[in-house]
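Worksheet: the structure to be examined is printed underneath.
None of the figures in this text is laboratory data; all of them are computed from the coordinates on show. Note that the structure is a prediction, hence the values are computed from the model and not measured. Heads up, the Cβs are rebuilt from the backbone with ideal geometry, glycines too, and the neighbour counts pull from every protein chain shown.
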């Protein structure tokens with residue numbers, strides 16, 4: 001049952017991505033419409049509800065908390081966003097491999113593309129950067145018209 005659910009979620013994601021409904025690139029700073037936000041939020045709600053992990057996701061959220069950088073091992077910029085559904089996500093952005101968002105503030109909107117990992121508070125999105133070895137799908141963050149990867 002879990003495999004079917006994972007395949008269904010991935011199928012919805014691929015369909016939306018390939019049909020340009022999920023992500024619109026109509027301007028230099030991409031914009032989400034209400035349909036794409038709902039689709040993204042539904043995929044993330046399903047991932048949280050079913051304890052999924054290793055799921056490539058994309059979406060938009062509002063910064064609700066800035067956390068100190070994690071400087072143990074690979075350094076990560078960390079902050080919490082809230083989706084339009086109310087679900088929260090921890091963004092863990094590797095700043096050894098990608099630039100940090102220096103002008104990030106409470107209330108800012110951030111677009112993200114990365115790998116979802118379940119946790120009891122809503123989930124974590126990491127791999128928001130290019131893979132220097134080329135083995136993993138590259139992710140990114142977008143803030144105020146700039147892409148961080």
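Would you mind estimating how fast the stretch 107-149 diffuses translationally, via Stokes-Einstein at 10 °C and 1.306 mPa s with the Kirkwood radius over Cα pairs, in µm²/s?
Calculated translational D: 141 µm²/s.
If you take the square roots of the eigenvalues of the alpha-carbon gyration tensor of the stretch 32-149 and sort them as a ≥ b ≥ c, do you get rounded (a/c under 1.5), prolate (a/b over b/c) or oblate?
Rounded is the answer for the stretch 32-149, as its axis ratio a/c remains below 1.5.
Kindly put 74, 40, 92 in sequence by how many other C-beta atoms sit within 10 Å of each C-beta, fewest to most.
Ordered by Cβ neighbours within 10 Å, fewest first: 74, 92, 40.
Beyond 16 Å, what share of the Cα-Cα pairs of the stretch 34-101 remains, rounded to the nearest whole percent?
Value for the stretch 34-101 (Cα pairs over 16 Å): 53 percent.
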